[in-house]
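Each remark here refers to the structure printed beneath this line.
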Amino acid sequence: MPRPPRYAELFVPLDLERPLQEQLLRHMRAAVVAGELSPGRKLPSTRALARHLRVSRTTTQLVYDQLQAEGFIVTRGGSGTFIAQIEPSPPRTSRVAPSHARPPLLSRHAARVAETRRRWGALATPAARQPVHFHPGVPDPRLFPRNAWARVLAECARREGRITSDYPDVVGARTLREVLAQHLATTRGVRCSASQIVIVTGMHQGLGLVARALADEGDVAVVEDPGYVGGAAVLAAEGMHVISAPVDRHGVDIRRLRAPAGRRVCMIHVTPSHQFPTGVVMAYPRRRTLLAWANAQRAIVFEEDYHAEFRFRGQPVESLYALDDSGTVVHGGTFAKSMSPALRIGYLVLPPALAEPIEHAKWLADFGSPALEQAALARFIERGDYARHLRRCRVAYWHRREALIGALERRLPQASWSGDDAGLHLLVRLADMTPKAEPRLLEAAVKAGVGIMSARIFHAAAPADVQLLLGYACLAEPEIEDGVRRLARAVRAASRR
Ligand SMILES: Cc1ncc(COP(=O)(O)O)c(C=O)c1O
């Protein structure tokens with residue numbers, strides 16, 4: 001009578017093209033977890049199993065060693081190898097949604113962030129599917145200085161030392177902070193020492209760190225209305241109570257803020273050199289009033305130096321930081337628009353008393369930003385490559401801005417806009433369209449093949465007209481002309497119905 005195979009559960013259909021050791025290991029793990037090899041069951045010796053499976057003994061030995069290290073099997077001196085006492089998992093009915101799986105209980109934070117992303121997504125036509133997309137908030141990747149960047153990156157990677165082998169400096173590479181201190185003094189009137197600078201992964205991280213250092217749960221953060229919802233979402237996610245102060249053509253008006261009684265106001269986020277999304281410059285009297293207000297509250301003004309690099313008319317606008325002499329302003333900037341959002345490098349210039357708390361917060365967040373890119377950026381600025389790159393971008397964006405304004409004047413005479421002195425987008429108003437027509441316009445834009453973004457999400461209360469954020473940085477002039485032609489067609493279609 002034929003004898004049943006001795007180690008039937010250990011029959012492994014081995015694929016000779018793939019590593020045998022890995023296949024056997026996976027098979028045995030799965031058999032233990034499923035209870036096919038039950039706890040206490042004795043296993044064959046490595047020699048016997050190797051013979052049975054026609055593999056080398058080294059293979060079975062390495063598999064047993066690994067299973068033992070992972071706690072699936074145990075050896076009992078002299079008497080052999082056994083399956084460990086492990087509860088078998090209940091059988092899976094489906095790989096995609098196991099019947100016993102229960103969704104994790106999510107936090108209010110997760111719900112808030114999901115809601116912000118959903119609202120954001122709903123107000124833009126799907127990116128990348130349109131022949132022309134007026135994508136705001138990103139620079140043209142075709143202008144990225146590939147060769148110069150590759151040179152400095154390679155130079156820094158080849159250099160001996162800590163850059164590639166140790167944790168980075170928590171507050172940022174010393175060289176980058178020194179170069180930045182000089183750069184900011186000459187371009188933005190921001191006079192600071194390298195020890196006041198902390199390198200961050202971008203504005204979102206910068207805002208979050210400052211909130212963590214200043215605010216307790218429920219403390220108040222003020223944002224601009226309209227304003228950058230990404231910033232408001234970061235502050236809310238940190239547990240702050242976020243309220244807004246209205247923006248008019250002179251910038252944010254802090255006198256019209258209605259702060260709730262009994263709560264501490266500990267920071268305000270502003271974009272004074274090119275307000276997001278309106279593009280207005282904060283007027284000097286407003287700046288004075290804001291600083292006095294913040295001082296009286298002992299609140300910090302977080303100045304996001306938004307789009308200051310791309311000014312097309314007049315002189316660069318003075319920073320709030322330069323105006324302050326009481327340690328009230330944190331000055332934040334990012335290389336996301338002037339170099340690439342993929343770099344994830346930004347910076348904070350801090351009042352001296354905040355440098356250490358922010359260093360602690362950054363340490364806890366990630367131990368510091370990637371060092372190689374920081375060293376490369378420092379070299380890039382030092383060599384004059386950054387200034388050259390900015391000059392090139394400014395010229396290209398200036399022509400694109402002119403093309404957009406020209407095309408709007410010709411094809412959408414009912415439109416008006418703001419924010420054309422600087423930046424990478426215009427805020428375009430269609431005063432003859434009511435907000436009710438907006439979904440129709442977004443739909444018609446998709447049909448007409450043009451990607452646009454509504455600015456409604458940036459307002460606390462929906463505006464009375466339709467407002468679009470049209471980014472022009474990534475489009476060549478003929479594409480801009482074509483895009484506005486498509487947009488005009490969509491406006492006509494949405495107005496007809
Ligand atoms: C006003 C404003 N601030 C900050 C950011 C994000 O900056 P970062 O990439 O440095 O986090 C954006 C992104 O578009 C923005 O529009």
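The values are calculated or read from the model by the stated rules, or taken from the named source; none is laboratory data. As the structure is a computational prediction, the values presented were derived from the model and not from experiment. Cβ placement follows ideal geometry from the backbone for every residue including glycine, while neighbour counts extend to all protein chains displayed.
A few comments on the model shown:
- Candidates ARG492, ARG485 - the one that is in contact (Cβ under 8 Å) with a residue 60 or more places away in the chain and surrounded by fewer than 23 Cβ atoms within 10 Å (Cβ to Cβ): ARG485
- Residue pairs whose Cβ atoms lie under 7 Å apart, sitting 6 or more positions apart in sequence or on different chains, and linking a residue in the stretch 269-288 that is more than 18 Å from GLU309 (Cβ to Cβ) and among the basic types (Lys, Arg) to a partner that is assigned to a loop (DSSP other than H, G, I, E, B) and within 15 Å of the ligand (Cβ to nearest atom), are ARG287/PRO272.
- Members of the stretch 332-360 that are within 14 Å of the ligand (Cβ to nearest atom) and either in contact with a strand residue (DSSP E or B) (Cβ under 8 Å, 6 or more places away or on another chain) or among the small types (Gly, Ala, Ser) (or both): GLY332, GLY333, THR334, PHE335, ALA336, SER338, SER340, ALA342, ILE345, GLY346, TYR347, LEU348
- Contact map, the stretch 42-64: first residue modelled with pLDDT of 90 or more, second residue outside any helix (DSSP H, G or I) and buried (at least 17 other Cβ atoms within 10 Å of the Cβ), Cβ cut-off under 6 Å, separation 6 or more or different chains; pairs are LEU43/THR81.
- Test result for LEU214, within 16 Å of the ligand (Cβ to nearest atom) and surrounded by 19 or more Cβ atoms within 10 Å (Cβ to Cβ): no
- Of the criteria (1) within 16 Å of the ligand (Cβ to nearest atom); (2) part of a helix (DSSP H, G or I); (3) in contact (Cβ under 8 Å) with a residue 40 or more places away in the chain; (4) of a type outside the set (Lys, Arg), which one VAL198 fails: (2)
- Filter result for the condition that a residue is of a type in the set (A, V, I, L, M), closer than 19 Å to HIS360 by Cβ, within 16 Å of the ligand (Cβ to nearest atom) and not in a loop (DSSP other than H, G, I, E, B), over LEU180, LEU209: LEU209
- Of all the residues in the stretch 280-307, those that are away from the ligand (no atom under 12 Å from the Cβ), part of a loop (DSSP other than H, G, I, E, B) and buried (at least 18 other Cβ atoms within 10 Å of the Cβ) number 4.
- Residue within the stretch 219-235 that is on the phi < 0 side of the Ramachandran plot and away from the ligand (no atom under 16 Å from the Cβ) present: yes
- Residue pairs meeting the criteria (Cβ under 9 Å; at least 6 apart or on separate chains; first more than 20 Å from ARG401 (Cβ to Cβ), in the stretch 128-139; second part of a loop (DSSP other than H, G, I, E, B) and within 14 Å of the ligand (Cβ to nearest atom)): ALA128/HIS135
- Restricting the stretch 237-279 to residues that are part of a strand (DSSP E or B) and within 14 Å of the ligand (Cβ to nearest atom), the residue that is nearest to GLY206 (Cα to Cα) is HIS269.
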